[in-house]
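The values are calculated or read from the model by the stated rules, or taken from the named source; none is laboratory data. Note that the coordinates shown come from a computational prediction; the quantities given were computed from them, not determined experimentally. Here Cβ is always computed from backbone atoms with ideal geometry, including for glycine, and neighbour counts include all displayed protein chains. Calculation scope for accessible area: heavy atoms of the full protein, side chains included, ligands and nucleic acids excluded. Shrake-Rupley method; radii C 1.70, N 1.55, O 1.52, S 1.80 Å.
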Amino acid sequence: MAMTARQRARVSLYVQAGIFVVAMAALILATDWKTVTDNVFNFGKIGPMFPDIILIGLKNTLIYTFLGFIVGLSGGLLLALMKLSTFPLYRWIATGYIEFFRGIPALLVFIAFGYGVPLAFGVQWSVTVVVMVSLGMVAAAYIAETLRAGLQAVPKGQMEAARSLGMPMWRSMVTIVIPQAFRIVLPPLTNEVILLTKDSSLIYVLGLTASQYELTKFGRDGISSLGAGLTPLLVAGAFYLVVTIPLSLLARKFESRSARTKR
Amino acid sequence: MNDVVIPSRNHTGPVHAAGVSIKDLRKSYGSNEVLKGISLDVAPGAVVCLIGPSGSGKSTLLRCVNLLEQPNEGTIHVGGFEATDLDVDIDKMRRKVGMVFQQFNLFPHLNALRNCTIAQTKVLKRSQAAADKVAQANLDRVGLGHLADRFPDQLSGGQQQRVAIARALSMDPELMLFDEPTSALDPETVGDVLSVMRNLAKEGMTMLVVTHEMGFAREVADRVVFMDGGVVVEEGVAERVISNPTQGRTKEFLKRVLDPTHIEISE
């Protein structure tokens, strides 16, 4: 009783669906729902988190992300241009920077700028500055590579056309090449913002005052103060999604738009 | 055939046209020498067509004139500038030299009008209003005044190339370089571009044109220069070179270009 290819494919699909259903059922039966409800889905007790988790936490997460992105974007553009420079020293510096900051955990950068730099240089940076610098310097490394690819994706003829009209090098870059590069990298750049949004949580390693709390810190605080188990973290996670999912959709929209037209 | 001054025709209309004088120009990429000592003079207001097989160095020669390629040896004078002088103000010189590319190279993020105004405002420091006026006049000149607000991707290849010509003209150049301006076009749009170029020649613009359009060269050019293997093989009055070439390589090339379906049977 040989089966045709189509029959085999259908049977295979049924088997896979069956395995999935059995696994889910086993998971549901094995779960201690009382404990789960008390510790993860205990939404009755999270009232005190509001409205501060939105007014302070979400607001601070957005501010930290924005500041980090501004530093990252400016630094990234500078590094990308250095990496494409004809002057070897610039290329080496940019390459060294990018490899270093992409290669170490962002958490270490936060610790370095939060504790190391104040100790070493006797300066006391505010939390905002630490976030801006730490997040920005890590982001710059990633954004630099994205922008470099974007700048290289602009056809060489664009620069030649601009130069042949008498525009100096930097003017051609600023007016003609960089605007086109940004259009090309808009989707990956949006993804960088998503990564930054999540990385802004690393600020928890620093001592924060209540008004400096961001989403994750609110979640962690809630765990110890509300007696609702991990539920506050679930709430904090939900707020991250409120930010990141629209950004994801935005990136996809940019992508389909740039696929349609080069404008 | 070196140092032949190519004479200008009698032109009407006041145009500041610049001449070009190229002497013993050499250009290599690594060990590959693509220009092996080229000398060529173009009088103000003259139209010269560069023809020859691909890889003959004609595009490289053209790109040396506005320094998109840096020559290794020799001199180029353009208008009042010595392009090969290391201290030359490249950007100032390029303002006088318009360039039209095979691939148009319009700026895709700007509409046709802005393509024609961006360098005027940023380089010549014209006001936006003044630049708009010049741009609109030049778009009208190439027959596309009504499409000034279109973006490049909304224009056909031939229309894009005419906008590219208007863009170059908006800088009031004294010399126009054309690098195979019709090679990337659909056959039905070639004529529009050539007729714009023909008008430009009539107005007395100095033009250096790399082209495979023999009909255009014969009709519009004062002189035709045939290049092969990085040297000028033959040059002279357009009609004479195309109809009656004296050099074997020129004859062979023209036969292939003018009658591409002709099959030579050799053993």
Practice problem: List every residue pair whose Cβ atoms sit under 6 Å apart, with the two residues 6 or more apart in sequence or on different chains, where the first one lies in the range B:66-80 and is assigned to a strand (DSSP E or B) and the second, anywhere, is open to solvent by 10 Å² or more (accessible area, probe 1.4 Å). | Solution: B:GLU73/B:ARG26; B:GLY74/B:LYS23; B:GLY74/B:ASP24; B:GLY74/B:ARG26; B:THR75/B:LYS23; B:THR75/B:THR84; B:ILE76/B:THR84; B:HIS77/B:SER21
Exercise. State yes or no: is B:ASN72 open to solvent by 30 Å² or more (accessible area, probe 1.4 Å) and of a type in the set (S, T, N, Q)?
Key: yes
Quiz item: Taking the range B:122-132 as the search range and keeping residues that are part of a helix (DSSP H, G or I) and more than 12 Å from chain A (Cβ to nearest Cβ), which one is least open to solvent (accessible area, probe 1.4 Å)?
Solution: B:ALA131
Practice problem: Look through A:VAL242, A:VAL185, A:VAL193 and report the one residue that is surrounded by fewer than 18 Cβ atoms within 10 Å (Cβ to Cβ), under 24 Å from the mean Cα position of the chain (by Cα) and of a type outside the set (S, T, N, Q). | Solution: A:VAL242
Practice problem: Go through (1) within 20 Å of B:HIS109 (Cβ to Cβ); (2) within 22 Å of the chain's Cα centre (by Cα) and name the single condition A:ALA94 misses. | Solution: (1)
Exercise. Could you tell me whether any residue of the range B:51-64 is under 17 Å from the mean Cα position of the chain (by Cα), among the aliphatic types (A, V, I, L, M) and within 13 Å of chain A (Cβ to nearest Cβ)?
Key: yes
Self-check item: Residue among A:SER248, A:SER172, A:SER258 that alone is more than 14 Å from chain B (Cβ to nearest Cβ) and assigned to a helix (DSSP H, G or I)
Solution: A:SER248
Practice problem: Within the range A:143-151, identify whether any single residue is under 20 Å from B:ARG114 (Cα atoms), assigned to a helix (DSSP H, G or I) and within 14 Å of chain B (Cβ to nearest Cβ), and answer yes or no. | Solution: no
Exercise. Name every residue in the range B:46-62 that is open to solvent by 20 Å² or more (accessible area, probe 1.4 Å) and in a helix (DSSP H, G or I), in order of residue number.
Key: B:SER59, B:THR60
Exercise. Go through the range A:22-43 and give me each residue that's in contact (Cβ under 8 Å) with a residue 24 or more places away in the chain and open to solvent by 80 Å² or more (accessible area, probe 1.4 Å).
Key: A:PHE41, A:PHE43
Quiz item: How many of the residues making up the range A:175-214 are more than 14 Å from chain B (Cβ to nearest Cβ), within 25 Å of A:ARG102 (Cβ to Cβ) and outside any loop (DSSP other than H, G, I, E, B)?
Solution: 19
Quiz item: Of the residues A:GLY207, A:GLY237, A:GLY229, A:GLY219, which is of a type outside the set (A, V, I, L, M, F, W, C), on the phi > 0 side of the Ramachandran plot and in contact with a helix residue (DSSP H, G or I) (Cβ under 9 Å, 6 or more places away or on another chain)?
Solution: A:GLY229
Quiz item: Any idea which residue in the range B:91-102 is farthest from B:THR206 (Cα to Cα), counting only those that are in contact with a strand residue (DSSP E or B) (Cβ under 9 Å, 6 or more places away or on another chain) and either buried (at least 19 other Cβ atoms within 10 Å of the Cβ) or more than 13 Å from chain A (Cβ to nearest Cβ) (or both)?
Solution: B:PHE101
Self-check item: Residue tally, condition more than 11 Å from A:LEU58 (Cα to Cα) and open to solvent by 30 Å² or more (accessible area, probe 1.4 Å), over the range A:213-225
Solution: 5
Exercise. Select from the range A:139-157 the residues that are of a type in the set (Val, Ile, Thr) and over 13 Å from the mean Cα position of the chain (by Cα) and list them in ascending order.
Key: A:THR146, A:VAL154
Quiz prompt | Any chance A:LEU58 is open to solvent by less than 50 Å² (accessible area, probe 1.4 Å) and assigned to a helix (DSSP H, G or I) | solution = yes
Self-check item: Inter-residue pairs, beta-carbon under 9 Å, first at the interface with chain B (Cβ under 7 Å from one of its Cβ atoms) and in a loop (DSSP other than H, G, I, E, B) and in the range A:154-167, second surrounded by fewer than 24 Cβ atoms within 10 Å (Cβ to Cβ) and among the β-branched types (Val, Ile, Thr), 6+ apart
Solution: A:LEU165/B:ILE118; A:LEU165/B:VAL123; A:GLY166/B:ILE90; A:GLY166/B:VAL123; A:MET167/A:THR175; A:MET167/B:ILE118; A:MET167/B:VAL123
Quiz item: Is it the case that A:GLY72 is touching a residue at least 12 places away in the same chain (Cβ under 8 Å) and either out of contact with any Ser or Thr (no Cβ under 6 Å at 6 or more places or on another chain) or not β-branched (Val, Ile, Thr) (or both)?
Solution: yes
Exercise. Please tell me if B:THR84 is more than 18 Å from the chain's Cα centre (by Cα) and of a type in the set (Val, Ile, Thr).
Key: yes
Quiz item: Taking the range A:226-237 only, how many residues are within 14 Å of A:ILE56 (Cα to Cα) and outside any helix (DSSP H, G or I)?
Solution: 0
Quiz item: If we scan the range A:111-118, do we find a residue that is in contact (Cβ under 8 Å) with a residue 12 or more places away in the chain, over 20 Å from the mean Cα position of the chain (by Cα) and closer than 26 Å to B:LYS92 by Cα?
Solution: no
Exercise. Quick one: in the range B:109-121, of everything that is at the interface with chain A (Cβ under 8 Å from one of its Cβ atoms) and modelled with pLDDT of 95 or more, which residue is surrounded by the most Cβ atoms within 10 Å (Cβ to Cβ)?
Key: B:ALA119
